[in-house]
Structure formats: structure tokens, C-alpha cells
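Heads up: the structure comes next, in C-alpha cells.
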Amino acid sequence: MARTLKWGFAGAASATLLVLAACGGGEGGDAAGASASEGAGPPQEMAARVEVMPVQPASIGSVRTLPGRATPYAEAEIRPQVSGLIESRLFTEGEAVAEDQALYQIDADEYYAAVQSAEASLARAQATAAAATETASRFERLADINAVSQQSYDEAVAAQKQAEADVGIQRAALQRARIDLARTKVRSPIAGRIGRSAVTEGALVTANQATSLARVLQLDPIYVDMTASSAQVLRWKRDVSEGKIETLGPTSGRSAAVPVTLEFENGDDYPLEGQLEFSEVSVDQQAGTVIVRAQFPNPDNLILPGMFVKASFAAGTYNNVYAIPQRAVQRTPQGEGYVFVASDDGTAVQKPLVIQEANGSNWIVTEGLSPGDRVIVSGFQNVRDGAPVEVIVSRQEEMASVSSQGAAAQPE
């Protein structure tokens, strides 16, 4: 029993010493930790690695891209001008035909007979006129010596004039018969490409019938009619009047022709360049649109009538503007655009922009930037206004911007 108490007092003493040692060590540790914390200060924010693109003002074409539809340069619906049976078809469907080329042959026997009849009638009228002329001449001499009455002479002169008029009538009838005979060959009034035939040999056709025999389309050159909303046209005119867009006019000393490029529905570019022809002078009341027409060379008939395409042309030039990649522009909750610019002190600065319109993959910016600004184009997702940034100049972005501005800029 004494031995047990002895070991109990010894254990209690050891535990007491351990507790006191722990309390003393804790106070020393807390003091050391507080001293270290006061010496380190607040943690520093790490700089975000970003790519920038230096920008400079430039003159950039105001490019308009509009949907369009191809229409033939000229179109002729072939209809017969005389009646009869189709004797033969003189063309191959789908081939190119020349102006005044014969396309159909209508049975001409009846018209040959009409010509011969008209020729005979003319000959008879001419003979009658010759006899009447001779009679009038003879009565004139007799009237001079009072051998015939004045009334008889007047009747002879009237008969002569009537016979001469009849000659004119018969000559016109002969000319009409010859025209009808010539029209038995149905010809193409224009050069172009002919479509399928609506009739075959043996079909009966009538003069000026409602159904056409075939259609001839002139495809080189060809028109592309683009559709623009009246609001777009109004905005273009307002930009021109306010001086935002500089247009090329006769007073500028340069050609007023506006080049137009074309893109097919599958995304392929048409290799030849067209020219803007005119814009419609009125607005479609139902659709609220205006037609803008361009003309394109089409030597290989790649553009077909009715084909839907996308056409682009420069409506003028924006001067002292900036081309910024669209992916570098962010939007506020109100929809206003802005970018981050790397300042000289290594921080990001948020700049609001005034965006005029799109130009390819860029935005045309008229206000908000200064020459030489380094616009952050990559890595801005973790950047805020005033935050430190580590700048990496994007050579690829810089070259792409220079190339885009150079291609869009108008020559001085």
C-alpha cells in the first residue's frame, strides 16, 4: 500500500512539471509567431501574364456585307410571231447561242405562197398604174387643144393616182408577207445560254402565244442584287453627312467605281471582282429594304441566276480609327464595350470604347484608344483594373493587325 502511494505521488509530480513546461513553451511560441508576422507585412498580388498588341490609328474601309441573289444581265423569252407547226429545233439545250441565231423552223409553205401571191398582186397593180398614167398623159395633151372635156381629164388623173396608191398598198402587203416568211425561223434576240425547250417537232404554235418556247439568258456579265434594310442605308448616309465616312466621289480625283467581292453559300470566294452599279431609289413597302446592284464578270458561268451569295464592298473610309480583335473586347452588363490596356507602370487600365462596326474579325473603334496603346488580347480573364500584369508582346497579333489594317486602308 505504501509503495502504491509512492508511485502515485511521483506520477502526479511529473504531470505537473509537464503542464508547466507546456504553458511556458506556448507563451514563447506565440510571441515568436507574432514577431515574425509583424516583420513580413501583407501578401503581394501576383502579376498576370498577358499578351498585348500595340495599336496605331489608320484609315480603314467601311466594308458592307450583304446577302444577294444573282440575276441575268439580259433575259429573252422566245415566242413565235407567226402561227404554224414546228418543223425542226435548231439548237442544243443548254448551249451558248449567238444573237440572231435561228432556234426553231416553223412550216413555211403557206408563207411562201403568201409571198408569191403578194408579188403577183403588186405586179398587177403596177400594170394598172402604168396604164392609168398613160391615159392621164394622153388626156392632158387632148385637154390642151380642147379635144376632151376637163371632166374627162380630171377623171383620168384621179384614176392614175388611185392606181399608184394601189401599187403602194400591194408593195406593203408583199413586204408584210416577206416578214412573216422570215419569222418562220424563230431567232434569238440576244446572245447567251439557252435553256430547255418547251416544245418539240410537230407542235402547233401561235403568234405571240403566252407560253414561251425557250429562254435565253445572258450570263456574262451577270448582276447580283443585294438587299439592305432601309435603317442600314439611313445610317450610312448619316455617317457620310457627319464626316465619319469619307466617300470617293468625282471631286476626289479618283474613280467612283466601288469594287465588290463575292462569297458563295459554301464559303468559297469568287475569284473575280465586280463593281457596284446603283442602289434602288425607293424602299420596298412590304419588306422595308433597298436593292443594291453589282455587276460581275462571269466567263466560266460559275454564278448562275437565282443563286444566293454574300457580297462585300467598301462604302467609304474611316480615318484615324483602330482595328481591335473582337476577342479582346469585353462587355459591361449594359452592353458597352471595353478593353484592358497595359500601362507603362505594369498595371492594367480599363478603357471604354466607342465601336462603329465590324470589319472581318476586328471591331472598328473610333473613340477610347490612343496611339501606341498596348491592348491586352490574351490572358485578360484574370485581370482587373489596376492589377499588375506581366507583358508579353504578341508578335502574331501585331502582324495580323498590321496586315488587316493595311488591307482595309484606302490608298492616299
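The values are calculated or read from the model by the stated rules, or taken from the named source; none is laboratory data. Predicted model only: the values in this text are computed from it and were never measured. With ideal geometry, Cβ positions are generated from the backbone for all residues, glycine too; neighbour counts draw on all protein chains shown. We work out accessible area using only protein heavy atoms, side chains counted, and drop any ligands, DNA or RNA first. Shrake-Rupley method; radii C 1.70, N 1.55, O 1.52, S 1.80 Å.
Quick notes on this structure:
Residues are listed down the side, and each one gets a yes or a no for (1) under 20 Å from Q105 (Cα atoms); (2) modelled with pLDDT under 95; (3) surrounded by 18 or more Cβ atoms within 10 Å (Cβ to Cβ):
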residue: Q162; (1), (2), (3): no, yes, no
residue: D166; (1), (2), (3): no, yes, yes
residue: L174; (1), (2), (3): no, no, yes
residue: I179; (1), (2), (3): yes, no, no
residue: G195; (1), (2), (3): yes, yes, no
residue: T200; (1), (2), (3): yes, yes, no
residue: A203; (1), (2), (3): yes, yes, no
residue: N208; (1), (2), (3): yes, yes, no
residue: S212; (1), (2), (3): yes, yes, no
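- Of the candidates S255, S230, the single residue that is among the small types (G, A, S), modelled with pLDDT under 90 and open to solvent by 70 Å² or more (accessible area, probe 1.4 Å) is S255.
- Strands (runs of 3 or more DSSP E) lying entirely in region 1-105 (those with 1 or more residues that are among the aromatic types (F, W, Y), at pLDDT 85 or above and within 30 Å of V321 (Cβ to Cβ)): none
To keep it simple, each residue is scored yes or no on (1) open to solvent by 50 Å² or more (accessible area, probe 1.4 Å); (2) at negative phi; (3) touching a residue at least 24 places away in the same chain (Cβ under 8 Å); (4) of a type outside the set (V, I, T).
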residue	(1), (2), (3), (4)
E51	yes, yes, yes, yes
P54	no, yes, yes, yes
I60	no, yes, yes, no
G68	no, yes, yes, yes
E77	yes, yes, yes, yes
P80	no, yes, yes, yes
F91	no, yes, yes, yes
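- Residues of region 294-315 include at least one that is in contact (Cβ under 8 Å) with a residue 60 or more places away in the chain, among the β-branched types (V, I, T), open to solvent by less than 60 Å² (accessible area, probe 1.4 Å) and on the phi < 0 side of the Ramachandran plot.
- Complete set of residues in region 320-370 that are closer than 23 Å to R238 by Cβ, touching a strand residue (DSSP E or B) at 6+ places or on another chain (Cβ under 7 Å) and open to solvent by 70 Å² or more (accessible area, probe 1.4 Å): E336, P352, E367
- The single condition among (1) among the small types (G, A, S); (2) touching a strand residue (DSSP E or B) at 6+ places or on another chain (Cβ under 8 Å); (3) free of Cβ contacts under 8 Å to residues at least 40 places away in the same chain that S152 does not satisfy is (2).
- Residue list for region 155-168, restricted to those being over 19 Å from R124 (Cβ atoms) and in contact (Cβ under 8 Å) with a residue 12 or more places away in the chain: A156, V157
- If you go through region 181-193 and keep only what is open to solvent by less than 40 Å² (accessible area, probe 1.4 Å) and not hydrophobic (A, V, I, L, M, F, W, C), you end up with T184, S188, G192.
- Within region 260-278, tally of residues that are assigned to a strand (DSSP E or B) and exposed (fewer than 13 other Cβ atoms within 10 Å of the Cβ): 2
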